[in-house]
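Below: the structure, in structure tokens.
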Amino acid sequence: MRFDPKTEAVLDRASAACGARGAQLTPLRRTVLGLVQQSPTPIGAYALLDQLKGDRGAAAPPTVYRALDFLLAQRLVHRLEKLNAFVACHVHECGSDHDHAAQFLICDRCGAVTELEEPAITRAVEAAAGRAGFHATRATIEVEGTCARCAP
């Protein structure tokens with residue numbers, strides 16, 4: 001499956017990042033990442049499966065879930081718990097390759113999702129965890145509300 005030039009460029013950078021970590025962005029993983037990348041809203045595993053069936057024929061749910069697990073482990077996508085859906089990590093759009101805490105603003109009205117990368121939030125969570133004697137390894141924060149377009 002071919003994607004628009006911007007998405008293909010992101011996929012090439014993601015492939016290079018995986019290779020640098022000793023992992024491989026297989027054709028299936030690349031296609032799943034491209035579908036997540038091009039989706040205008042967070043996308044669920046079964047919606048991905050439906051799109052893959054048109055391209056790959058007999059794709060099965062475990063195939064999609066294994067690809068998503070790989071993409072999560074490689075920090076190329078994020079899973080939104082509230083929506084049980086996936087979004088592409090915006091960090092890889094600009095070619096950057098670093099781990100970061102994910103913070104999301106989710107509009108209750110239109111479903112728009114904005115990924116933030118706010119170091120002050122990350123530091124506050126780490127400090128609070130430390131005071132509790134807890135060492136946080138990963139934190140995803142989902143904030144529900146109304147986006148600027150939907151605000152009265």
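Where a number appears in this text, it was derived from the coordinates with a stated rule and is not lab data. Please read these numbers as outputs of a predicted model, since none were measured by experiment. Every residue, glycine as well, gets a Cβ built from its backbone with ideal geometry; the counts of neighbours run over all protein chains shown.
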Selected from Ala139, Ala16, Ala129 as most flexible by GNM, with the chain as the system and alpha-carbon contacts under 10 Å: Ala129
Determine the relative contact order of the chain: mean sequence separation of Cα pairs under 8 Å and six or more apart, normalised by residue count, in whole percent. 20 percent
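Using r as the Cβ-Cβ distance of Tyr65 and Arg131, and R0 as 30 Å, what FRET efficiency do you calculate, to the nearest 0.05? Spell out each step's value before the answer.
Values: r = 36 Å, r/R0 = 1.21.
Efficiency computed from Cβ-Cβ geometry: 0.25.
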Square roots of 5 times each gyration tensor eigenvalue, C-alpha, the chain, largest first, Å: 27, 20, 15
For the stretch 100-152, what relative contact order do you get, as a whole percent, if you take Cα pairs closer than 8 Å and at least 6 residues apart? 50 percent
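Give me the percent of DSSP beta bridges within the chain that run antiparallel, rounded to the nearest 5.
Numbers: 9 of 15 bridges.
Antiparallel bridges make up about 60 percent of those DSSP assigns within the chain.
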Can you say what percent of the DSSP beta bridges in the stretch 100-152, counting only those with both residues inside, are antiparallel? Round to 5. 40 percent
The farthest towards the positive end of the charge dipole of the chain, of the residues Ala136, Ala148, Val32, given +1 on Cβ of Lys and Arg and -1 on Cβ of Asp and Glu, is Val32
